[in-house]
Amino acid sequence: MKLFNLTSWRRLFRKPEIKPTGKPFDLYPDDVFLVSYPKSGNTWLRFMIGNYITNCAVDFTNNHLLIPDIHFNPEKCAELESRPRFIKSHMPYTAQYPKVIYIIRDGRDVAVSYFYYAQKMGLLDKSTSFSTFLKEFTQSGVGSYGSWSSHVESWTAGERPNVLVIKYEDMLENAAIQLERTLRFAGVDCDVTKIEAAVEASKFNKMQNLEIQQHDLVFVQMRGITDDSIRFVRKGESGDWLNHFSKEDELYFGKTNDHVLDKFGYLK
Ligand code: A3P
């Protein structure tokens with residue numbers, strides 16, 4: 001039996017074709033794609049950028065219009081007027097994206113975060129143990145994006161001046177520094193006071209409170225029925241995998257992922 005309900009998953013993530021010179025929208029050379037494996041902190045970075053651009057007016061109802069998700073609403077990408085355009089994507093490596101900010105997070109924390117997200121979205125039966133889920137996650141990955149390590153390797157192979165890598169754990173350590181790197185890379189003027197305000201407005205508790213207030217508007221109306229006892233802005237920590245992985249889980253995941261965990265300093 002498949003653990004993931006793939007039909008609803010595919011409905012949830014339509015994978016658009018992007019053609020540089022054709023439908024659904026043309027790309028500009030200064031377009032910035034915020035790319036990540038699901039559950040790596042993309043929404044947080046989108047909130048920080050959005051709060052910077054709008055002087056802290058971002059919430060869960062307008063963030064997807066300001067920085068659209070290419071999988072959910074590609075048509076909104078074409079409607080963006082301000083430049084550079086920021087666009088969210090989960091795609092594995094593609095040479096089509098002009099500029100890319102690639103967010104990486106410890107794959108073990110990604111697995112835990114996705115475990116709860118899949119339950120929230122009704123993609124995973126709540127009786128499924130974490131170990132059983134982890135096997136499927138490790139072998140098949142999420143949706144059609146491949147495994148965690150193949151995704152990370154695809155975006156971080158070689159020297160690519162148009163790709164800036166940002167770690168979720170570094171955002172936890174100092175979000176302002178990572179927001180400033182992001183803005184400079186995107187060619188947006190940096191203002192220290194505005195950066196501080198954007199970081200403050202995008203703090204975990206503020207985002208979680210907004211999620212609670214806007215749950216019905218965002219998660220029910222836009223994404224269908226979801227379980228509101230499990231939060232999207234859930235824990236926001238590094239190392240939650242230690243609370244979920246057995247020794248066997250660690251060895252199992254490590255077999256195919258340790259080389260990437262090691263490369264990015266997660267095995268220290
Ligand atoms: P957890 O489930 O581990 O808490 P994405 O947006 O890519 O789907 O990533 C979701 C993860 O980012 C969730 O991780 C979520 O809690 C975390 N996150 C969202 N906003 C955050 C914030 N302001 N600070 C820290 N982590 C945040």
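The values are calculated or read from the model by the stated rules, or taken from the named source; none is laboratory data. Worth saying up front: this structure is predicted, and the values here are computed from it rather than measured. A quick note on method: Cβ atoms are made from the backbone with ideal geometry, for glycine too, and the neighbour counts reach across all protein chains shown.
When region 68-92 is examined, which residues are found to be surrounded by fewer than 18 Cβ atoms within 10 Å (Cβ to Cβ) and of a type in the set (Phe, Trp, Tyr)?
Across region 68-92, the qualifying residue is only 72.
Within region 99-128, work out how many residues are over 10 Å from residue 241 (Cβ atoms), of a type in the set (Gly, Ala, Ser) and at pLDDT 90 or above.
Total satisfying the criteria: 2.
Please work out if residue 212 is among the aliphatic types (A, V, I, L, M) and part of a loop (DSSP other than H, G, I, E, B).
no
Do we have any residue at all in region 181-203 that's within 14 Å of the ligand (Cβ to nearest atom), part of a loop (DSSP other than H, G, I, E, B) and within 29 Å of residue 31 (Cα to Cα)?
The answer is yes; a qualifying residue exists.
List every residue pair whose Cβ atoms lie under 7 Å apart, where the two residues are 6 or more positions apart in sequence or sit on different chains, the first residue falls within region 187-208 and is on the phi < 0 side of the Ramachandran plot, and the second residue, located anywhere, is near the ligand (Cβ under 10 Å from one of its atoms) and modelled with pLDDT under 95.
Hits for this filter: 208/231.
Select the helices (runs of 4 or more DSSP H) contained entirely in region 21-132, then report the ones holding at least 2 residues which are polar (S, T, N, Q).
Because the criterion is at least 2 residues that are polar (S, T, N, Q), the helices (runs of 4 or more DSSP H) in region 21-132 that meet it are 42-54, 107-120.
Within region 84-135, which residues are touching a Phe, Trp or Tyr at 6+ places or on another chain (Cβ under 7 Å), of a type in the set (Val, Ile, Thr) and touching a residue at least 60 places away in the same chain (Cβ under 8 Å)?
100, 101, 103, 104, 110, 112
Yes or no: region 233-249 includes at least one residue that is more than 16 Å from the ligand (Cβ to nearest atom), over 27 Å from residue 130 (Cβ atoms) and in a helix (DSSP H, G or I).
The answer is no, given that none of the residues of region 233-249 is more than 16 Å from the ligand (Cβ to nearest atom), over 27 Å from residue 130 (Cβ atoms) and in a helix (DSSP H, G or I).
This table checks each residue for (1) exposed (fewer than 15 other Cβ atoms within 10 Å of the Cβ); (2) within 15 Å of residue 103 (Cβ to Cβ).
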position	(1), (2)
146	no, no
152	no, yes
157	yes, no
162	yes, no
199	no, no
